[in-house]
Amino acid sequence: MRIDILTLFTDMCDTVMSESIIGRARKNGKVEINCIDIRDYSYDKHRHVDDKPYGGGMGMVMAPQPIFDCYNDLCNKIGKKPHLIYLTPQGKTLTQERVKELARLDNIALLCGHYEGIDERVIEELEPEEISIGDYVLTGGELPALIVADAVSRMLPGVLSDDECFTEESHYNSLLEYPQYTHPASWNGRDVPEVLLSGHHANVDKWRRERSLERTFYRRPDMLKNAELTREDKKFLENLKSAE
Ligand code: ADE
């Protein structure tokens, strides 16, 4: 997969995407991530990309032309139209389900707004998918774009090693993950649950499944309606309900 980040802050994006698991995946060719400077598509002498809003008001608005030219140049360079996503608090909130779908595409382009946002006409022209990462407002779309790029990249084949596998983790199967422990077995007067030291795999699996169900039941009951539950799972949840 190829991900292009259209931004005014290429260094910030490239630095974050060069660390840790995503940095390794880029080096190994598992994902291609490019950061493109929207300012390179400003043709005015001071390389301006923003201007005062019509109608008055606070702040600056990103002009339509540099964004439009930046995306079109990308399309021409790669010979196709990447699925365009505009990061905005007005978008649909990102979910793991949507992340999984995006990871099936060959190309996505992430458009980062700044200041008071971008001129509405370029949104009408390019019709991007609009994604929010949550009900709060950041100073720009870069951090949200990096979140999307990270969440999508880690779902691609070969990006995570076996011991970083995502199939057991929170949200993957609409359940929260069970608690994790490592050495030492006793720390600060707190012991690792006995069953995890037992080496009995079936008991460990059962214990983890129950903790996972329990956490989801108490913390995120809304997720349970999408989870695939066995007869035993349902019985376990019934017991939790009647104990309330
Ligand atoms: N830009 C500013 N805040 C944002 C948010 N919560 N999600 C996506 N883009 C944003």
Checklist entry - In segment 174-189, what residues are open to solvent by less than 60 Å² (accessible area, probe 1.4 Å) and among the polar types (S, T, N, Q)? => result S174
Next on the checklist: For segment 122-136, check the following and say yes or no: at least one residue is closer than 22 Å to P64 by Cα, open to solvent by 40 Å² or more (accessible area, probe 1.4 Å) and of a type in the set (S, T, N, Q).
Outcome noted: no
Checklist outcome for this item: Within segment 106-133, residues being away from the ligand (no atom under 13 Å from the Cβ), under 13 Å from A63 (Cα atoms) and either free of Cβ contacts under 8 Å to residues at least 12 places away in the same chain or part of a loop (DSSP other than H, G, I, E, B) (or both) number 2
Checklist entry - Can you tell me which residue in segment 79-105 is nearest to the ligand (Cβ to nearest atom), limited to those that are of a type in the set (V, I, T) and within 22 Å of P64 (Cβ to Cβ)? => result T88
Checklist entry - Looking only at segment 148-173, which residues are open to solvent by less than 60 Å² (accessible area, probe 1.4 Å) and either free of Cβ contacts under 8 Å to residues at least 24 places away in the same chain or among the aliphatic types (A, V, I, L, M) (or both)? => result V148, A149, A151, V152, M155, L156, V159, L160, S161, F166, E169, S170
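Quick check on segment 20-47: of everything there that is small (G, A, S) and farther than 18 Å from L6 by Cβ, which residue is surrounded by the fewest Cβ atoms within 10 Å (Cβ to Cβ)?
Of segment 20-47, the ones small (G, A, S) are 20, 23, 25, 29, 42.
Then keep just the ones that are farther than 18 Å from L6 by Cβ; that gives 20, 23, 25, 29.
On the way: S20: 10, G23: 14, A25: 20, G29: 8.
The extreme case among them is G29.
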Item to check | Filtered residue count, segment 79-93, keeping only those that are open to solvent by less than 40 Å² (accessible area, probe 1.4 Å) and not in a strand (DSSP E or B) | outcome: 1
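Could you please give the count of residues in segment 99-122 that are of a type outside the set (K, R) and under 19 Å from E32 (Cβ atoms)?
Step one: filter segment 99-122 for residues of a type outside the set (K, R), giving 99, 101-103, 105-120, 122.
Then drop every residue that is not under 19 Å from E32 (Cβ atoms), which leaves 99, 102-103, 105-112.
Here the count works out to 11.
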Item to check | Answer from E142, E116 - the residue that is more than 21 Å from the chain's Cα centre (by Cα), surrounded by 13 or more Cβ atoms within 10 Å (Cβ to Cβ) and closer than 30 Å to D51 by Cβ | outcome: E116
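Scanning for something open to solvent by 50 Å² or more (accessible area, probe 1.4 Å), among the basic types (K, R), in contact with a helix residue (DSSP H, G or I) (Cβ under 9 Å, 6 or more places away or on another chain) and over 30 Å from R24 (Cα atoms), does segment 209-223 turn up at least one residue? It would help to see each step written out before you state the result.
Residues of segment 209-223 open to solvent by 50 Å² or more (accessible area, probe 1.4 Å): 209, 214-215, 218-222.
Checking the rest, the ones that are also among the basic types (K, R) come to 209, 215, 219-220.
Then drop every residue that is not in contact with a helix residue (DSSP H, G or I) (Cβ under 9 Å, 6 or more places away or on another chain), which leaves 209.
With the extra rule that they be over 30 Å from R24 (Cα atoms), the set shrinks to 209.
The answer is yes; a qualifying residue exists.
Can you find a residue in segment 48-62 that is in a loop (DSSP other than H, G, I, E, B), crowded, with 19+ Cβ neighbours inside 10 Å and out of contact with any Phe, Trp or Tyr (no Cβ under 9 Å at 6 or more places or on another chain)?
Of segment 48-62, the ones in a loop (DSSP other than H, G, I, E, B) are 48-49, 52-60.
Then drop every residue that is not crowded, with 19+ Cβ neighbours inside 10 Å, which leaves 49.
Narrowing the set further to residues that are out of contact with any Phe, Trp or Tyr (no Cβ under 9 Å at 6 or more places or on another chain) leaves none.
Within segment 48-62 (the criterion being in a loop (DSSP other than H, G, I, E, B), crowded, with 19+ Cβ neighbours inside 10 Å and out of contact with any Phe, Trp or Tyr (no Cβ under 9 Å at 6 or more places or on another chain)), the answer is no, since none of the residues qualifies.
The values are calculated or read from the model by the stated rules, or taken from the named source; none is laboratory data. Every value quoted in this text rests on a predicted model; they were computed, and no experiment measured them. Don't worry about glycine lacking a Cβ; one is built from the backbone with ideal geometry, like all the others, and counts go over all protein chains shown. We work out accessible area using only protein heavy atoms, side chains counted, and drop any ligands, DNA or RNA first. Shrake-Rupley method; radii C 1.70, N 1.55, O 1.52, S 1.80 Å.
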